[in-house]
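Before any comments, here is the structure.
Derivation of every value follows stated rules applied to the coordinates shown; laboratory data play no part. None of these values were measured; they are calculated from a predicted model. Here the Cβ is made from the backbone with ideal geometry for all residues, glycine too, and neighbour counts use every protein chain on show.
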Amino acid sequence: MKKLTANWGLKLASLIFAVIVWFLVTNINDPITSVRYTNIPVTIKNGNLITDKGQVYTILDGSDTISSVAIYAPRAVIDSLSPSNIVATADIQNLSSLNTVKIDVTTNKYVDKIQNYSLSSDVVKLNVERKASKSLALSASTSGTVADGYVIGDVTTEQNMVRISGPESFVNSVVKASVDVDVTGFTSNIGTDADIVLYDAEGNALDIAQSGVSMNIRTVRVNIQILETKYVPVRYIVKGEPATGYALTGQIDSTPDEVLVAGRSSAISSIDELIVEDDSLDVAGLTANLTTSVDLSSALPSGISFGDSDFNGTASVVVYIGPVVEKTFDISTDKISIDGSVDGFDVYIDDSEYTQVSLTLQGLRSNIDAVKESDITGSVSISDLMTANNLTELKAGTYDGYISWKLPEGVYVKSAVSAYVTVKEKE
């Protein structure tokens, strides 16, 4: 016993020295060191404790990602670790009154050899509120410009509604759901899947990545019709006759006088003008110009539409009407011929009593002034002569025959003019 207790101070000092030596040797061979990992994701556990109450939660400020985690452990352990070995969790069971959840960090190996963890942040911040849902009509738009000579026709989506669910404040802020398709340079129809974007009342696109919002569909099929275009003139059909003593001048002003139409290539190739008939183009009994507005859309053929989205389809039209004037011309009977022939008979204009006939013409002054007497010619038709004189077959004699005149456009005969026609049997 004396031997055991003898020199106890020396023995204690030896023990302490041995421990120190062991510690030094251990740390020299496998010293404690640290490693720092960044952007470590945090797994939320037991989230159903919130959702089962008809509530939803969203992560605030990206707090479900730890910016930096430092691990202290022997070098041999540190050298064998990687970010995938870091396990970070936040259990909703530990939700505080401030809606924060403590983050627990461990590793999936060498747990007993880790001496310490140092986190840049140690809580996940949550926003917890009631869950809400709403359905929104789905609209579609286009961006960019199709190729020259083409326009966008109908734009449709294969589904017309989207349902969203999530935090009440976020859901209530959504007023519009829409998709957009870039049509730059296209010359044919487009069918594509497009992402649905949610918008607030000010037209701002909302970021749903961290909003906690779910949607029954995230994308939708969009079909866009691309139509060929061309410009065609507008031609108006005028109804009725102006008042006595007045006539159409033939001039019609239209704004626009041509329109851009759109359609499939086969439909576009078959239209060269837009022919417009409308009740508003009735000049019956008028003594002055007709000014009116005409809806051109009713004149569009099937499969054709207007190619300018800014054009409302209405044209301003002026139909010009002018007073009729008269002028009398003395026409030599030499300028009157016989139209037709009958075997066995000679038929000719009889000028034995007069060599001229008086012809009164009517028309707009500009048209009448353009008439040259030397250019006026007439003819008597044998067929009309027989009809007017109740003849079933031609007989010799002298008859009164009405003259048909060859006149410029816009010039009319005031009253019928006749000439004597002699019929003789050939010898």
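Close amide-amide hydrogen proximity is noted between D350 and Y420, V421, T422, each under 5 Å apart and 5 or more residues distant or on a separate chain (H modeled in the peptide plane; Pro and chain starts excluded).
Which loop trypsin sites (Lys or Arg not before Pro) in the stretch 179-243, with loop taken from DSSP, have no more than 11 other Cβ atoms within 10 angstrom of their Cβ? List each step's numbers first, then the result.
Working: sites: R218, R221, K230, R235, K239; in loops: R218.
Listed in order of number, the matching sites are R218.
Taking chymotrypsin sites (Phe, Trp or Tyr not before Pro) across the stretch 256-328, none is in a DSSP loop with at most 10 further Cβ atoms lying within 10 angstrom of its Cβ. Each residue of the stretch 274-282 is assigned a 3J(HN,Hα), and the resulting list reads 9, 8, 10, 10, 8, 4, 6, 9, 9 Hz, derived from the Karplus form 6.51 cos²θ - 1.76 cosθ + 1.60 (θ = phi - 60°), x at Gly and Pro. What you get for the chain, charging only the Cβ of Lys and Arg (+1) and of Asp and Glu (-1), is a dipole of about 5240 debye around the Cα centre.
Order of E427, E168, E158 from fewest to most other C-beta atoms within 10 Å? Can you show the working numbers first?
Working: E427 4, E168 14, E158 11.
The most exposed by this proxy come first: E427, E158, E168.
Just the number, please: percent antiparallel of the DSSP beta bridges in the chain, rounded to the nearest 5.
Working: 99 of 118 bridges.
DSSP beta bridges in the chain are roughly 85 percent antiparallel.
Applying the Karplus relation 6.51 cos²θ - 1.76 cosθ + 1.60 with θ = phi - 60° to the stretch 289-305 yields 3J(HN,Hα) values of 4, 9, 10, 8, 10, 10, 7, 7, 4, 5, 8, 6, x, 4, x, 10, 9 Hz, where x marks Gly and Pro. Helix 8-29 axis versus longest C-alpha principal axis of the chain: approximately 20°, rounded to the nearest ten. Please list, by residue number, every one of the chymotrypsin sites (Phe, Trp or Tyr not before Pro) in the stretch 335-426 that is coil in DSSP and has at most 11 other beta-carbon atoms within 10 Å. Within the stretch 335-426, the qualifying chymotrypsin sites (Phe, Trp or Tyr not before Pro) (loop, at most 11 other Cβ atoms within 10 Å) are Y354. Remark: the stretch 188-195, residue by residue, has Karplus-estimated 3J(HN,Hα) of 9, 4, 10, x, 8, 8, 10, 6 Hz, where x stands for each Gly or Pro and the curve is 6.51 cos²θ - 1.76 cosθ + 1.60 at θ = phi - 60°. Amide H contacts for L138 (H built 1.01 Å from N in the peptide plane; partners 5 or more residues away or on another chain; cut-off under 5 Å): M161, V162.
Calculate for the chain the 222 nm mean residue ellipticity that helices alone would give, adding -39,500 (n - 2.57) per DSSP H run of length 4 or more and normalising by residue count, nearest 500 deg cm²/dmol. Kindly include the intermediate steps, with their values, before the conclusion.
On the way: 8 runs with 58 residues, N = 427.
Computed ellipticity for the chain at 222 nm equals -3500 deg cm²/dmol.
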